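The values are calculated or read from the model by the stated rules, or taken from the named source; none is laboratory data. Small disclaimer: the values here were computed from a predicted structure and weren't measured. Note that we place each Cβ from the backbone using ideal geometry, even for glycine, and neighbour counts take in every protein chain shown. Each accessible area value is taken on the protein alone, full model and side chains, heavy atoms only, with ligands, DNA and RNA left out. Shrake-Rupley method; radii C 1.70, N 1.55, O 1.52, S 1.80 Å.
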There are 2 protein chains.
Amino acid sequence: MSGNDEKSNLADVAYGLLKRDLTEGIFKPGDKLLMSALRERYEIGAGPMREALSRLVADRLVTAESQKGFRVAPMSLAELKDIYFARAQLEALITELAVQNGDENWEAGIVASAHTLSKVTEVHNADEMLGLWDSRHKAFHRAIASGCGSAKLMELRMTMLDQAERYRQLWLRQTVFSAEALETKRREHQELLEILLSRDSVQARHIMFEHMMNPIPIITEILASRGLIG
Amino acid sequence: MSGNDEKSNLADVAYGLLKRDLTEGIFKPGDKLLMSALRERYEIGAGPMREALSRLVADRLVTAESQKGFRVAPMSLAELKDIYFARAQLEALITELAVQNGDENWEAGIVASAHTLSKVTEVHNADEMLGLWDSRHKAFHRAIASGCGSAKLMELRMTMLDQAERYRQLWLRQTVFSAEALETKRREHQELLEILLSRDSVQARHIMFEHMMNPIPIITEILASRGLIG
DNA sequence: TTATTTAAAAATGTAGATATTTTTATTAAA
DNA sequence: TTTAATAAAAATATCTACATTTTTAAATAA
């Protein structure tokens with residue numbers, strides 16, 4: 001009756017925790033992920049820990065070298081550009097399909113999530129706002145994409161979102177902590193919404209591509225200031 | 001000096017072997033993947049075996065239910081259509097980019113691999129031909145896609161190819177064993193090649209999408225004849 | 001220094017212990 | 001007799017602890 005049991009094994013738990021720690025930057029790019037340290041941190045045996053690491057290698061958040069163990073996947077300007085470009089192309093494609101296929105329900109969903117996102121400004125606490133804006137921003141974009149009608153394209157989209165997440169986190173602070181940048185985003189989303197509702201799939205695709213590419217210069221600057229010029 | 005050592009651990013080996021066995025249909029969709037049976041088959045402990053299975057879950061070739069073990073991921077008409085549609089959209093996108101960005105070297109590559117593919121008809125042994133045509137066909141398409149200039153898009157492409165592989169195998173026999181179907185493919189590839197070299201990226205995108213969608217009816221029929229009507 | 005040997009650290013793998021699920025057998029109720 | 005519920009047994013999945021192999025670091029000799 002009470003539904004949500006969802007028993008999970010230790011590998012699943014460790015996977016989730018380590019993934020969070022990686023995207024939050026608790027482990028830095030290039031850092032060695034020492035088995036003993038991880039086992040202690042997540043209170044877990046080597047077997048399940050390897051399983052979690054192995055999955056994160058598939059996610060491209062961790063690299064593995066046989067007999068030499070695991071490292072946090074490096075970050076670079078080149079990878080930033082590649083991930084954001086591929087992601088923008090994919091999201092633009094999905095958006096075009098969504099505009100072509102989306103029904104009334106889809107329209108209602110994007111209008112609702114756009115509204116919910118626009119109301120975030122009322123929160124006080126800075127860090128709380130960061131999380132709230134981010135989750136609602138993601139929900140808005142997910143609502144748009146969901147209209148494409150392909151579960152596999154949605155999976156590919158999530159793959160790219162996961163890979164972009166470490167870079168996105170850098171951008172997020174700049175954006176949400178600056179009233180100016182936040183207002184710019186608000187306007188971009190408004191424009192996007194109007195074009196989606198106008199059902200012009202070609203223009204929607206174009207606008208979405210530009211929207212997705214916008215963060216690159218900001219993130220580039222942050223990475224450069226951290227000495228990641230490569 | 002002698003280069004190719006590439007030491008791999010047991011999980012890597014088991015991953016590769018099981019993946020092959022899955023795409024070749026040695027384990028059927030829905031089959032329970034019994035730990036004891038797998039350990040015996042691949043002569044390996046439970047730890048590395050779980051690691052391999054875990055990676056195949058990420059690849060969507062295996063499903064996992066906590067405390068209940070692993071199964072071969074089911075196949076269905078719905079999944080066939082979804083995979084092929086998403087893959088066709090992605091390949092079409094990548095093709096458009098490749099036509100826009102590809103240089104002389106890219107052109108030379110696709111001309112060469114198209115030629116190599118067209119020469120396969122001379123082989124006698126049927127099964128040998130199957131493998132040869134398949135690998136050259138893949139090489140031809142890879143050569144086209146490689147012009148897109150994005151490593152991440154190429155990764156996404158590979159993801160979809162892996163997921164399509166079980167369905168593709170069904171199609172492959174129909175195609176390669178039928179002189180008629182093989183000739184149709186030869187013409188399609190010729191047409192594709194001409195349009196790529198004409199540098200009309202929009203038409204190239206369109207033709208590639210159609211080319212990628214063509215196998216669906218054939219595979220549908222095969223699945224239906226096996227009782228997979230859902 | 002540079003190469004070689006030795007010792008420590010770390011990764012990987014196996015075997016067996018523990019917990020969970022599934023099956024079978026047993027009993028009670030309809 | 002059949003069905004349902006319960007309990008015992010078997011099968012299975014999962015995890016930990018320890019053993020083995022490999023890599024890295026340190027020490028020593030050329």
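Note the direction-averaged projected area, equal to a quarter of the hull surface, for the Cα convex hull of the range B:46-128, in nm². Write down the numbers at each step before the final one.
Working: hull surface 39.9 nm².
Quarter of the Cα hull surface area: 10.0 nm².
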Exercise. From the label point of residue A:194, set 7 Å from Cα along Cα→Cβ, how far away are the matching label points in the other copies, in nm, ordered shortest to longest?
Worked result: 4.6
Problem set entry | Simple label model, 7 Å out from Cα along Cβ direction - residue A:13 to residue B:224, nm | 5.0 nm
Seminar exercise, completed: Rounded to the nearest 100 Å², the accessible area buried between A and B, both sides, probe 1.4 Å, is 2600 Å²
Exercise. With charges set only on the Cβ (+1 for Lys and Arg, -1 for Asp and Glu), what does the dipole of chain B come to about its Cα centre, in debye to the nearest 20?
Worked result: 740 debye
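How many partner chain Cβ atoms sit within 10 Å of a residue's Cβ in peptide B:82-90, on average, as a whole number? Don't skip to the end; give the middle numbers.
Numbers: counts 7, 3, 1, 6, 10, 3, 0, 10, 6.
Counting other chains' Cβ atoms within 10 Å and averaging over B:82-90 gives 5.
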Seminar exercise, completed: If labels are modelled 7 Å from Cα along the Cβ direction, residue B:69 lies from its partners in the other copies at nm distances, smallest first, of 3.5
For this session: Let me know the Kirkwood hydrodynamic radius for the range A:33-182, please, with Cα pairs as the basis and the value in Å to one decimal.
Result: 17.9 Å
Exercise. Too long at a 18 Å Cα-Cα cut-off: which of B:28/B:138; A:32/B:19; B:119/B:185; A:119/A:185; B:19/B:185?
Worked result: B:28/B:138; A:32/B:19; B:19/B:185
Exercise. If only Cα atoms are counted, what is the Rg of the range A:167-221, and what is its Dmax, in Å?
Worked result: 12.4, 36
Exercise. Tally Lys/Arg at +1 and Asp/Glu at -1 over every other residue whose Cβ is under 12 Å from the Cβ of residue B:203; what's the total?
Worked result: -3
Exercise. What aspartates and glutamates could a cross-link reach from residue B:68, if we take a straight Cα to Cα line under 20 Å and drop same-chain neighbours fewer than 8 places away?
Worked result: A:5, A:6, A:12, A:51, B:31, B:40, B:51, B:59
Problem set entry | residue B:134-residue B:116 pseudo-label distance in nm [points 7 Å out on the Cα-to-Cβ vector] | 1.8 nm
For this session: Please work out, to two decimal places, the log10 of the ratio I(q)/I(0) at q = 0.13, 0.15, 0.17, 0.18 Å⁻¹ from a Debye calculation in which every Cα of the range A:1-62 carries one identical scatterer.
Result: -0.35, -0.45, -0.56, -0.62
Exercise. What does the highest-first list of B:28-40, A:83-95, B:161-173 look like by mean Cβ count within 10 Å?
Worked result: A:83-95, B:161-173, B:28-40
Exercise. Considering amide H positions built from the backbone, and no H for Pro or chain starts, which residues 5 or more places from residue A:73, or on another chain, come under 5 Å of its amide H?
Worked result: A:30, A:62, A:63
Problem set entry | Cβ-placed point charges (K, R +1; D, E -1), dipole of the range A:7-79 about Cα centre in debye, nearest 20 | 100 debye
For this session: Find the accessible area per residue for the range B:77-225; the probe is 1.4 Å, ligands and nucleic acids are left out, and the unit is Å².
Result: 44 Å²
Exercise. Between rounded, prolate and oblate, where does the protein assembly as shown land on the alpha carbon gyration tensor, with a ≥ b ≥ c its root eigenvalues, rounded for a/c under 1.5, else prolate if a/b exceeds b/c?
Worked result: oblate
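Please work out the FRET efficiency for the pair residue A:76 and residue A:103, using the Cβ-Cβ distance as r and a Förster radius of 45 Å; give the result to the nearest 0.05. The partial results should precede the final answer.
On the way: r = 42 Å, r/R0 = 0.92.
So the FRET efficiency works out to roughly 0.60.
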